[in-house]
Each structure stands twice: as structure tokens, then as C-alpha cells.
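These notes are about the structure you will find just below.
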Amino acid sequence: MKTEKTSKNAAYTGLVAAVAASSCCIPPVIALIAGVGGSASALSWMEPFRPYLIGLAIVAIGYAWYNYLKPVKAEDCCEVDAKPKWFQTKGFLIGITLFAAVSIAFPYYSSIFYPDNKKEVVVVSQSDIQTVNFNVKGMTCASCEEHVKHAVNELEGIVDVKASYEKANAEVEFDNTKTTKEDIIKAIDATGYKVINK
């Protein structure tokens, strides 16, 4: 009975750790869907803990599988219920394992949730095109990059946006007759990430 409870707790711990490992990347997508961009970076402080949370998820779910697959001792065979509880089934563990894997991998496929809002820009004069590199604080994953690109592309006159969480920047090419550097800074700041070279 104690092993069953431990196995259940391990599975739930693994699930929570897996979701927490991507919690820095999930809010930008939720913020986009809900239309509350400023809360996107609310959990970005958790990103440094991501490797530890992934490790905890793997160990906890591995332990739950170990308890499920280990051979039953002769003295424990009489304690086995005729029908195991739902959380003791193989289906439960498979579901927890798959959900944890999908949660951990979220930063790598989160861009599919962002609609393509890039517009065709008609440039009257090449001399009006300006490229500015903004240092952006708070981006921690590909989902953050997509959130920044999406917000900037909402402005008129944006030719191209490249955001990088690794370089902590956003390079924006725009028509300065249709939008300004200040408008771009406001759009980035509205996501919850902050431009630090104003």
C-alpha cells in the first residue's frame, strides 16, 4: 500500500516538475491567446531552474515506472487488489509520461501557436528603411522570441524582425515614415520583456 502511494506521488511530482520546467515558456502563448501581453514574462525567472526541473521530472516518473514494473514479492502477492486503482494502471503512467514529455518539449514547438502576422510592406524609398538592434531583457526561450516578433509585426511599416533570446536582442528593419523606434520599444515593452538600450 505504501509503495502504491509513493508511486502515485512520484508520478504527480514528475508531472508537476515537467510543467514547471516549461512554465517560463507557457505564459507568452497564454498571454497572446488571452490578449494580455504584459504578463508574458511573469515566470521567466524560472528559466535557470529548467534543467533541474527536467531532471526531477525524469527521476520521479522513472521511479513511478520502476515501482510499476518491479516484480511482486511473494509476501506481497496476497495484498494485490483484484482490480488496480486508476493511478496504478499502465495507462495512467503512459499518460503522465507523454504529458510530461509534451510539457518539457513545449519551448521547441510553441511557435505554432503564434499566427503569422507579417505584412507585405511597400517601400517608397530605400533611404526610409532603418535597421535597429534592441537589447531585450527577459527572453528565455523560443516562445519569448515569437512573442516579441508577433508584437512588433503588429506595427505598420515593419519589414523584418529577428529576435534571439540567446543574444538577448531583437533586430528590427522598418520604414521610418510609417513607424518609429519609440513605437517599437513600446510594442516590445508591452510584452513584458524590456528594451534596455532606449
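The values are calculated or read from the model by the stated rules, or taken from the named source; none is laboratory data. What you see is a predicted model; the values in this text were computed from it and never measured. Cβ placement follows ideal geometry from the backbone for every residue including glycine, while neighbour counts extend to all protein chains displayed.
The conditions of being among the basic types (K, R) and modelled with pLDDT under 80 are not met by K149. If the condition is being without any contact (Cβ under 8 Å) to a residue 60 or more places away in the chain, part of a strand (DSSP E or B) and crowded, with 23+ Cβ neighbours inside 10 Å, then the range 133-160 contributes only I158. Would it be correct to say that A57 is in a helix (DSSP H, G or I), modelled with pLDDT of 75 or more and buried (at least 18 other Cβ atoms within 10 Å of the Cβ)? It is true that A57 is in a helix (DSSP H, G or I), modelled with pLDDT of 75 or more and buried (at least 18 other Cβ atoms within 10 Å of the Cβ).
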